[in-house]
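Enquirer: For reference, the structure I am asking about is given below.
The values are calculated or read from the model by the stated rules, or taken from the named source; none is laboratory data. Values in this document were obtained by computation on a predicted structure and should not be read as measured data. For neighbour counting, all protein chains shown are included, and Cβ atoms are generated from backbone atoms with ideal geometry for every residue, glycine included.
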Amino acid sequence: MRASKSSPLPGIALLALLAAYLFPVYLIALNSFKSFREIFESFLAFPQSFYIDNYVKAWSSTNFAKAITNNAVITGASVVGVILVTALAGYKLSRDRSRLSWSIYMLCTFPFLIPFYTYMIPLVQLSKTLHITNNPLGLSLIYMSTGSFAIFLFHAFVKSIPREIDESAYMDGCSELVFFFRIIFPLLKPAVSSVAILYALWTWNDFLLPFLVLTDKESATLTINIYKLFGKFGSDWDVITASLMLSSLPIVLLYIALQKYIISGIAAGAVKG
């Protein structure tokens, strides 16, 4: 029998979707090397010469060194805090099969089904009450409270780890906390990688929550400083496009380096449940 040839239409459709998705990114990268005049003459044309001054202006206009430090502090503290808290919670709730444990698990993961913006304002009001506004670490505490998806992921992943490992460690006199960090936590590496990447992408690129909490100039993030470049009657698009490229470069490089762990972590956590 002659082997049937697969249709090229799915591949063509995927290429078309990929092109549509990457086209805005291409335009931003292309225009970041143009002068303001070139952009308005033809934003689709290739630059006549690579205009590097845009990046120099973007660095100073966005207070890039200070802003990227704030981004790094917020993202790093949020990711580390979310991983530690939700990994411990996911492990304990997965191993304890009582009704109370199941009720707590449902209570912790229920916010995952609710849009974050519906309860964001109460979180902002709470931050003002606790006097943690205009503080990057204070904002990190708010992000740590939104780890319902991470608990769901760790809870599912722990189920794929045999309970016999726990029993053997306890028989050897290992405490529960030491056992978790020495044995269980290294086994959670795929899930930890997935949570780290997903929450890093979210916190790094988030605009609305930092805009509401970090009103001080010194605590502003990159997204806030880029937003301030948009004027009421006009905007310097040459500087804005360069700023967007600078702000996205660190997190894009991180994603490219670790993106394979996202699918492996989620898939591994879904083996048992």
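Enquirer: Do we have Ala19 as touching a residue at least 60 places away in the same chain (Cβ under 8 Å) and either in contact with a Ser or Thr (Cβ under 7 Å, 6 or more places away or on another chain) or not in a loop (DSSP other than H, G, I, E, B) (or both) here?
Expert: no
Enquirer: For the condition farther than 18 Å from Val82 by Cβ and of a type in the set (Val, Ile, Thr), what is the one hit in Thr109, Thr118?
Expert: None of the others qualify; the one that does is Thr118.
Enquirer: Continuing with this model, one more query. In this structure, is Ser127 buried (at least 17 other Cβ atoms within 10 Å of the Cβ), in contact (Cβ under 8 Å) with a residue 60 or more places away in the chain and of a type in the set (Gly, Ala, Ser)?
Expert: yes
Enquirer: What is the residue count in region 188-217 for residues that are under 27 Å from Leu258 (Cα atoms) and surrounded by 15 or more Cβ atoms within 10 Å (Cβ to Cβ)?
Expert: Summing the residues that are under 27 Å from Leu258 (Cα atoms) and surrounded by 15 or more Cβ atoms within 10 Å (Cβ to Cβ) in region 188-217 gives 20.
Enquirer: I'd like to know if region 150-168 contains one or more residues that are in contact with a Cys (Cβ under 6 Å, 6 or more places away or on another chain) and in a helix (DSSP H, G or I).
Expert: Yes: region 150-168 contains one or more residues that are in contact with a Cys (Cβ under 6 Å, 6 or more places away or on another chain) and in a helix (DSSP H, G or I).
Enquirer: Here is a further query. Determine whether Phe46 is outside the structural domain of Ile226 (by TED's automatic domain parsing) and within 14 Å of Ile240 (Cβ to Cβ).
Expert: No, not satisfied.
Enquirer: Quick check on this structure: which one of Ser94, Ser127, Ser103, Ser98 is among the polar types (S, T, N, Q) and either in contact with an Asp or Glu (Cβ under 9 Å, 6 or more places away or on another chain) or more than 22 Å from Leu153 (Cβ to Cβ) (or both)?
Expert: The conditions single out Ser127.
Enquirer: Could you pull out the residue among Gly11, Gly90 that is surrounded by 15 or more Cβ atoms within 10 Å (Cβ to Cβ) and either in a helix (DSSP H, G or I) or without any contact (Cβ under 8 Å) to a residue 24 or more places away in the chain (or both)?
Expert: Testing whether each residue is surrounded by 15 or more Cβ atoms within 10 Å (Cβ to Cβ) and either in a helix (DSSP H, G or I) or without any contact (Cβ under 8 Å) to a residue 24 or more places away in the chain (or both) leaves just Gly90.
Enquirer: Something else now. Among the listed residues Phe157, Phe181, which satisfies the condition of being of a type in the set (Phe, Trp, Tyr), buried (at least 20 other Cβ atoms within 10 Å of the Cβ) and closer than 29 Å to Leu107 by Cβ?
Expert: Selected residue: Phe157, the only one of Phe157, Phe181 that is of a type in the set (Phe, Trp, Tyr), buried (at least 20 other Cβ atoms within 10 Å of the Cβ) and closer than 29 Å to Leu107 by Cβ.
Enquirer: Kindly check whether there is at least one residue in region 66-81 that is over 20 Å from Thr215 (Cα atoms), surrounded by 17 or more Cβ atoms within 10 Å (Cβ to Cβ) and either modelled with pLDDT of 90 or more or outside the structural domain of Leu177 (by TED's automatic domain parsing) (or both).
Expert: Checking region 66-81: at least one residue is over 20 Å from Thr215 (Cα atoms), surrounded by 17 or more Cβ atoms within 10 Å (Cβ to Cβ) and either modelled with pLDDT of 90 or more or outside the structural domain of Leu177 (by TED's automatic domain parsing) (or both).
Enquirer: Pick out, from region 170-240, the helices (runs of 4 or more DSSP H) lying fully within it that include 1 or more residues that are of a type in the set (Gly, Ala, Ser) and farther than 24 Å from Phe36 by Cβ.
Expert: 189-205
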